[in-house]
Amino acid sequence: MSFLDKLNERYATKAMNGEVVPQEKIDNILEAIRLAPTSSGLQPFEVFVITNDEIKSKIKEIAWNQSQVTDCSHLLVFAAWDNYTEDRINYMFDLTNEIRGFKNEGWENYRQMLLSSYPQKDAETNFEHAARQTYIAFMAAISQAAYEGVDTTPMEGFEPAALDKILQLREKGLRSTLILPIGYRDADKDWLVNLVKVRKPMEKLVTFL
């Protein structure tokens, strides 16, 4: 089965059966997140992997009581930086220099450009930019899960402020943006499982110039 076949097969699972996803598959999904592209390579977010049933139950209450939150194997919470700071920017540039083993003048000039830009903007503008980066990594997770033969349910349907409080994200300089239940479908309870995927025809989506 090709990668596109797997993407065509995947869907937003509406019921999960509680079966535990092997750790190797979870690790691969997390690695896909880690490898996802982000603006300037800053990776301005963190991911929380929730398996604790008590925490899942609390999150379900502020996520429209969607059953996948508690019936999934692992629940991923994506949380973006609440702001771009000099320390956060410098960490990624210093890490790059450490891993590559040298300093590049152009790269250092780019560091200074970011340092003279992001920290001077208001926090909400910076958070919105960081939040958009989480969507890129989010799609990497969904795609890798499909490749692994694992089901997912992309979710924006929750109360971010309440989730931030449950996980104490604000104290960590983070704000929640997305959640992703990962597990296996309960076909007998999932009304969507056998329905044909519907997407725009290519000519309605893509314009060649």
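The values are calculated or read from the model by the stated rules, or taken from the named source; none is laboratory data. Because the structure is a prediction, the values reported are computed rather than measured. Heads up, the Cβs are rebuilt from the backbone with ideal geometry, glycines too, and the neighbour counts pull from every protein chain shown.
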Subject >> Filter pass, Val21 being touching a residue at least 12 places away in the same chain (Cβ under 8 Å), under 23 Å from Gly149 (Cα atoms) and part of a loop (DSSP other than H, G, I, E, B) >> reply: yes
**OP:** Scan (1) at pLDDT 95 or above; (2) surrounded by fewer than 19 Cβ atoms within 10 Å (Cβ to Cβ); (3) more than 25 Å from Pro37 (Cα to Cα) for the single condition Leu192 breaks and write down its number.
**Re:** (1)
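For region 23-80: of the residues being in contact with a His (Cβ under 9 Å, 6 or more places away or on another chain) and over 19 Å from Tyr184 (Cα atoms), which is surrounded by the fewest Cβ atoms within 10 Å (Cβ to Cβ)?
First, pick out the residues of region 23-80 that are in contact with a His (Cβ under 9 Å, 6 or more places away or on another chain): 26, 29, 39, 44, 49-51, 80.
Right, trim to over 19 Å from Tyr184 (Cα atoms) and you get 39, 44, 80.
Details: Ser39: 13, Pro44: 26, Ala80: 25.
Ranking the candidates gives Ser39 first.
Answer with yes or no whether Ala161 is surrounded by fewer than 21 Cβ atoms within 10 Å (Cβ to Cβ) and either outside any helix (DSSP H, G or I) or free of Cβ contacts under 8 Å to residues at least 24 places away in the same chain (or both). Reasoning before the result, please.
Numbers: surrounded by fewer than 21 Cβ atoms within 10 Å (Cβ to Cβ): yes; either outside any helix (DSSP H, G or I) or free of Cβ contacts under 8 Å to residues at least 24 places away in the same chain (or both): yes.
For Ala161, the condition - surrounded by fewer than 21 Cβ atoms within 10 Å (Cβ to Cβ) and either outside any helix (DSSP H, G or I) or free of Cβ contacts under 8 Å to residues at least 24 places away in the same chain (or both) - is met.
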Original post:
In region 164-189, how many residues are buried (at least 19 other Cβ atoms within 10 Å of the Cβ) and of a type in the set (D, E, K, R)?
Top reply: 4
